[in-house]
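Heads up, the thing below is written out as structure tokens.
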Amino acid sequence: MGQAEGSRENRKHVTMTVNEKRVEADINHYMTLAEFLREELDLTGTKVGCNRGECGSCTVILDGEAVYSCTTLAVEADGREVLTIEGMPVKGKLHPLQQAFIDHDALQCGYCTPGMILSAKALLDKNAHPTEHDVRIAIDGNLCRCGSTPNVIEAVLEVAGRLTEKRGDGQ
Amino acid sequence: MSESKLLVKGTVPPPLDRELTVVGKPLNRYDALEKVTGEAKYAGDIKLPGMLYGKTLHCPHPRARILKIDTSKAEALPGVMVILTKENTKGWRTCWYEVPEIAFPETITHEGTEVAAVAAVDVVTARKALELIEVEYEVLTPMPPAEEALQKPVPPLVGDEEYPGREMFDRKPFVIQRGDVEKGFEEAEVIVEDTYTTQVSHHGTIQTRACVASWDGHELTVWDAAQGVWNSKRALAKSLGLDPENVRIIVRYLGGGFGSKAWSHRIVYYAAKLSMVTGRPVRMERTRNEEFVNHSRRYDTTMYLKMGAKKDGTLTAIFQKAIVDIGAAATEENYYCRQIIWHTANLHACPNVYLEQTGVSTNKQTTGPTRSPTNMQAIFALESHMDRMAVELGIDPFDFRMKNYATYQSVGTAEAHMISDGTTTFAAKIPYSSKILDECMKLAVDAIGWERRRAPVSDNKGPLKRGMGMASYLVLQGVGLYPYVAEAKVVINPGGTVNLFVGVVDIGGGQKTILGMIAAEELGVRAGDVTVFIGDTKDTLYAPSCHASRCTPEMGPAVLQAAAEARQRVFEHAAFLLDTDAGRLRSKDGMIYVQSDPSRSVSFRKACRNMAPDETIVGIGSRAPNPAEPMMATFGAQTVELEVDTETGRVNILKCVAAQDFGKPINPKLCTSQVYGGIEFGVGFALTEEGLYDPRTGKLLTGNLSDYRMPTSLDFPPVEVFLPECEDPYFAYSAKGAGENTNAPTPAAIRNALYNATGIWFNDLPITPDKIIRAARAARGQAKGAR
């Protein structure tokens with residue numbers, strides 16, 4: 001969503017790393033990180049579904065933590081590292097999570113998908129071998145109305161090398 | 001294989017007469033890559049040069065009259081380009097679901113009604129302008145809940161003088177009648193009656209409604225969030241008074257629909273008008289709260305059911321009285337809300353029925369398509385009551401349903417829709433085009449371990465109780481509402497590139513993939529060889545909106561016919577190269593071969609290279625309307641095993657089994673995803689989702705995703721899906737629809753399992769912990785008193 005020019009005193013200078021690229025901007029201090037990414041940087045892969053920290057579709061990774069970018073101010077990201085869905089591919093190739101989401105049909109309309117993938121990545125970065133319950137906890141803040149959840153769980157567990165274990169459990 | 005009766009206009013293409021190489025394969029969806037990389041551009045992601053931002057002001061009262069509206073302060077705000085209110089828009093009409101409505105009414109009929117629209121240079125300014133608009137209301141007492149409202153005199157028309165009142169406002173009951181219901185109850189040895197209620201619920205699409213409208217003085221282009229581009233084009237052109245030729249709608253990606261985006265919506269009308277007035281493109285996005293208060297929702301209902309049966313389990317009579325709250329307005333001329341008694345007339349064989357439904361207008365939000373608009377409510381009441389009867393009879397619920405298995409349908413919604421005096425009497429037994437509900441029920445009970453199911457026992461062995469339940473359903477198929485047109489176009493260029501143009505939207509159901517697979521199969525090329533163009537009225541032919549699970553059954557035959565026609569033209573080139581007759585050729589996996597001697601072959605691509613440089617092969621397919629006979633429906637059954645803590649009220653669904661009759665799935669992977677989606681809706685509707693209103697002010701209390709509780713990953717049960725296949729000669733490769741139908745049985749299956757666990761009948765949705773705790777306490781008290 002576009003931002004008002006605002007008065008001088010409302011503006012702040014921020015410098016941050018977004019998807020391994022350094023970005024600088026003068027922005028309104030009340031601009032959210034989601035608005036900054038979408039409107040200033042044109043990184044529209046970050047979706048806004050509720051703009052009040054409920055649905056999780058705006059999830060990005062800030063210094064290793066999955067955060068709701070709609071309830072994070074852009075100025076809070078000053079001097080920090082942000083990863084969005086656009087930064088997921090590694091050397092031009094899909095991240096294994098992205099490929100697993102495709103293979104397991106872990107998406108339908110796709111609107112929650114970027115946030116879902118980033119929540120899953122934040123989990124795997126901290127815990128390479130999560131249990132099914134760990135995965136459910138990690139994506140609990142990402143609503144999917146289409147019902148992709150069972151497939152998201154399978155996709156994440158496959159990347160974690162735990163899928164056969166899950167199936168072995170007779171789930 | 002039986003003779004093809006494919007529903008197309010003109011020549012029916014002969015069956016392929018070979019094994020299928022694309023259809024039936026669990027392929028990945030075609031648009032998955034753009035969705036996992038964030039490249040997919042949804043309506044709200046579109047940014048045009050000079051674009052303005054629009055916002056609408058919503059009335060905070062459910063029933064009110066605007067006395068005065070003053071926009072002078074807002075207009076003085078720098079950056080505000082235009083403000084529209086009732087004062088400067090006299091005679092303007094929006095066409096919401098093709099129902100004309102006043103653009104900015106003076107009389108407010110529900111909370112969230114639009115009273116002004118603003119276009120400004122940015123969204124912050126637009127929001128500030130809304131705050132500066134001064135509106136003076138005469139606040140009126142909202143109408144009481146539907147049942148109570150029925151006992152009171154009919155209120156004056158809820159809208160303005162000009163408001164086109166519709167039949168349901170007259171409270172005329174709509175009736176389905178068959179046989180002699182009184183005689184049926186006389187014959188009955190067991191009679192059971194009860195009342196069921198279902199709540200207000202919402203779509204909860206993660207993408208809120210958004211659009212960008214751009215008027216260039218001649219042509220209007222809209223990047224919309226709609227489930228249908230062609231019906232949106234029609235409705236928008238009609239409301240704006242434009243030639244439809246000059247309206248283009250584009251929906252490349254859609255962030256969930258579930259009926260909420262089934263047609264063009266008022267937000268698009270406002271964006272278009274703001275663009276026409278300012279001469280600049282306008283983007284509008286709805287906030288999450290606006291999505292709740294300024295949008296249609298699911299009909300809430302009260303349903304009384306009385307059922308009679310012989311001791312052997314044979315149904316003799318069903319009486320039903322349903323009251324449907326249609327809110328401030330219902331869409332589609334009340335078509336949807338009429339369907340609420342239709343299921344009772346058809347799901348189980350019963351010779352005598354009297355079913356009555358009354359729609360009541362209130363000042364709650366409007367009503368409209370919502371993933372199984374009435375199916376989920378209707379099936380909840382009916383299948384709950386079937387279990388109640390089974391218990392009274394002492395018959396297993398599965399056996400009871402098999403005993404009354406219906407092999408025919410006796411009243412179609414077409415009749416239900418058209419009857420003008422409100423009563424339909426229809427006793428003809430019309431066979432189904434295909435039906436394997438018996439197989440579905442068997443699969444579902446076997447997979448859950450039905451043999452472990454025991455009658456509920458009242459014991460004091462702790463608060464945790466386990467139980468199993470089932471429910472079956474039928475849902476309409478390929479509804480084919482006016483205008484009944486569904487067309488597809490296949491275009492092959494010299495060099496062999498194959499393009500499929502279909503004017504549908506991929507709403508997440510995989511429409512792009514499925515229609516592409518049908519074209520590839522029929523052409524005899526590999527799945528990846530077909531490029532599918534969708535979601536644009538430019539270059540496509542008329543196609544229906546993707547709602548009512550209608551895309552595959554309506555567009556499938558059209559795509560098949562278009563591809564078959566194009567293939568025959570390519571065969572003419574191949575026949576020349578292979579020195580044979582085109583009629584002797586077949587194609588598969590990108591090769592064209594002589595049927596009697598497959599060693600004589602040429603690649604599809606090479607055959608196309610024989611085309612003249614200026615030649616283009618075009619195949620057109622067109623779906624025929626559903627015939628009067630047979631009836632077309634999808635069926636299925638679901639079973640649930642759960643554990644409930646009667647002290648905390650917490651329900652833990654241990655497993656859910658879904659067996660769905662979709663005919664033949666074009667892509668079982670995508671069909672399975674549809675089933676998951678249905679169960680998500682069903683679990684939420686059964687246990688947590690509820691739109692609550694303040695009884696004093698009539699305002700919605702649950703207009704956000706914290707108070708309106710949709711299931712999360714922690715609520716999602718393990719699901720086992722069965723997709724048994726059957727032949728249906730009317731559809732493309734026997735593919736019926738898969739989508740909204742999948743949620744229909746879930747709430748009843750959960751409720752029946754809760755009875756099996758606790759011995760308590762829960763008749764009011766959602767079954768929240770407070771209801772469980774209260775009922776369990778009462779049951780314990782009763783047990784104590786009895787001792």
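Overview of results
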item: Meets criteria (crowded, with 17+ Cβ neighbours inside 10 Å, modelled with pLDDT of 95 or more, in a helix (DSSP H, G or I) and out of contact with any helix residue (DSSP H, G or I) (no Cβ under 6 Å at 6 or more places or on another chain)) for B:Ala126; result: yes
item: Meets criteria (under 25 Å from B:Ala129 (Cα atoms), touching a helix residue (DSSP H, G or I) at 6+ places or on another chain (Cβ under 7 Å), outside the structural domain of A:Leu163 (by TED's automatic domain parsing) and modelled with pLDDT under 95) for A:Asn28; result: yes
item: The range B:688-713 residues that are more than 12 Å from chain A (Cβ to nearest Cβ) and farther than 23 Å from B:Ile653 by Cβ, paired with ones that are in a loop (DSSP other than H, G, I, E, B) and β-branched (Val, Ile, Thr) (beta carbon under 9 Å, 6 or more apart); result: B:Leu692/B:Thr702; B:Tyr693/B:Thr702; B:Gly698/B:Thr141; B:Gly698/B:Thr362
item: Candidates A:Asp134, A:Asp103 - the one that is farther than 22 Å from B:Gln207 by Cα and either buried (at least 24 other Cβ atoms within 10 Å of the Cβ) or touching a residue at least 24 places away in the same chain (Cβ under 8 Å) (or both); result: A:Asp103
item: Matching option when the condition is more than 9 Å from chain B (Cβ to nearest Cβ) and either closer than 26 Å to B:Asp45 by Cβ or polar (S, T, N, Q) (or both), among A:Thr149, A:Thr113, A:Thr71; result: A:Thr71
item: Verdict on B:Glu182 being within 30 Å of B:Ala309 (Cβ to Cβ), under 32 Å from the mean Cα position of the chain (by Cα), among the charged types (D, E, K, R) and at pLDDT 95 or above; result: no
item: Selection from the range B:662-673 of residues that are part of a helix (DSSP H, G or I) and either facing chain A (nearest Cβ under 8 Å) or of a type in the set (D, E, K, R) (or both); result: B:Lys669, B:Leu670, B:Thr672, B:Ser673
item: Selected residue [over 30 Å from B:Val277 (Cβ atoms), within 14 Å of another protein chain (Cβ to nearest Cβ) and either in contact with a Leu (Cβ under 9 Å, 6 or more places away or on another chain) or in a helix (DSSP H, G or I) (or both)] from B:Gly204, B:Gly184; result: B:Gly204
item: Failed condition for B:Ala74, given (1) part of a loop (DSSP other than H, G, I, E, B); (2) more than 14 Å from chain A (Cβ to nearest Cβ); (3) closer than 22 Å to B:Glu290 by Cβ; result: (1)
item: Top-ranked residue in the range B:671-693 [being over 17 Å from B:Pro718 (Cα atoms) and touching a strand residue (DSSP E or B) at 6+ places or on another chain (Cβ under 9 Å); ranked as surrounded by the fewest Cβ atoms within 10 Å (Cβ to Cβ)]; result: B:Leu692
item: Helices (runs of 4 or more DSSP H) contained in the range A:86-152 and holding at least 1 residues over 16 Å from the mean Cα position of the chain (by Cα); result: A:96-103, A:132-138
item: When residues of the range A:38-65 are limited to those that are touching a residue at least 60 places away in the same chain (Cβ under 8 Å) and away from chain B (no Cβ under 11 Å), the one nearest to the chain's Cα centre (by Cα); result: A:Thr59
item: Yes/no for A:Asp134 being farther than 16 Å from B:Tyr676 by Cβ and either more than 7 Å from every other protein chain (Cβ to nearest Cβ) or of a type in the set (Lys, Arg) (or both); result: yes
item: Single unsatisfied condition, B:Cys608 versus (1) part of a helix (DSSP H, G or I); (2) surrounded by fewer than 20 Cβ atoms within 10 Å (Cβ to Cβ); result: (2)
item: Selected residue (only one of B:Lys310, B:Lys306 is among the charged types (D, E, K, R) and either out of contact with any Ser or Thr (no Cβ under 9 Å at 6 or more places or on another chain) or not assigned by TED's automatic domain parsing to the domain that holds B:Glu392 (or both)); result: B:Lys306
item: Meets criteria (outside any loop (DSSP other than H, G, I, E, B) and within 13 Å of chain B (Cβ to nearest Cβ)) for A:Glu35; result: yes
item: Scan of the range B:257-293 for residues that are under 18 Å from B:Gln227 (Cα atoms) and in a loop (DSSP other than H, G, I, E, B), ordered by number; result: B:Gly257, B:Phe258, B:Gly259, B:Ser260, B:Lys261, B:Ala262, B:Trp263, B:Ser264, B:His265, B:Arg286
item: Pair list, Cβ under 8 Å, 6 or more apart: the range B:28-44 residue at positive phi, other residue outside any loop (DSSP other than H, G, I, E, B) and modelled with pLDDT of 95 or more; result: B:Gly38/A:Ile85; B:Gly38/A:Glu86; B:Gly38/A:Pro114
item: Scope the range B:424-478; condition buried (at least 21 other Cβ atoms within 10 Å of the Cβ), closer than 16 Å to B:Arg401 by Cα and not aliphatic (A, V, I, L, M); matching residues; result: B:Lys435, B:Cys440, B:Gly469, B:Ser472, B:Tyr473
item: B:Ala543 touching a helix residue (DSSP H, G or I) at 6+ places or on another chain (Cβ under 6 Å) and free of Cβ contacts under 8 Å to residues at least 40 places away in the same chain; result: no
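Yes/no per residue for (1) in contact with a Cys (Cβ under 7 Å, 6 or more places away or on another chain); (2) under 30 Å from B:Pro557 (Cα atoms); (3) exposed (fewer than 15 other Cβ atoms within 10 Å of the Cβ):
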{"site": "B:Glu19", "(1), (2), (3)": "no, yes, yes"}
{"site": "B:Leu52", "(1), (2), (3)": "no, no, no"}
{"site": "B:Thr56", "(1), (2), (3)": "no, no, no"}
{"site": "B:His61", "(1), (2), (3)": "no, no, no"}
{"site": "B:Asn88", "(1), (2), (3)": "no, no, yes"}
{"site": "B:Thr94", "(1), (2), (3)": "no, no, no"}
{"site": "B:Glu106", "(1), (2), (3)": "no, no, no"}
{"site": "B:Glu114", "(1), (2), (3)": "no, no, no"}
{"site": "B:Ala117", "(1), (2), (3)": "no, no, no"}
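Let's see how each residue does on (1) small (Gly, Ala, Ser); (2) crowded, with 21+ Cβ neighbours inside 10 Å:
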position	(1), (2)
B:Gly228	yes, yes
B:Ala237	yes, no
B:Gly257	yes, yes
B:Lys273	no, yes
B:Gly279	yes, no
B:Val282	no, yes
B:Asn289	no, no
B:Asp300	no, yes
B:Met303	no, yes
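The values are calculated or read from the model by the stated rules, or taken from the named source; none is laboratory data. Predicted model only: the values in this text are computed from it and were never measured. No Cβ is skipped: glycine too gets one built from the backbone with ideal geometry, and neighbour counts run over all protein chains shown.
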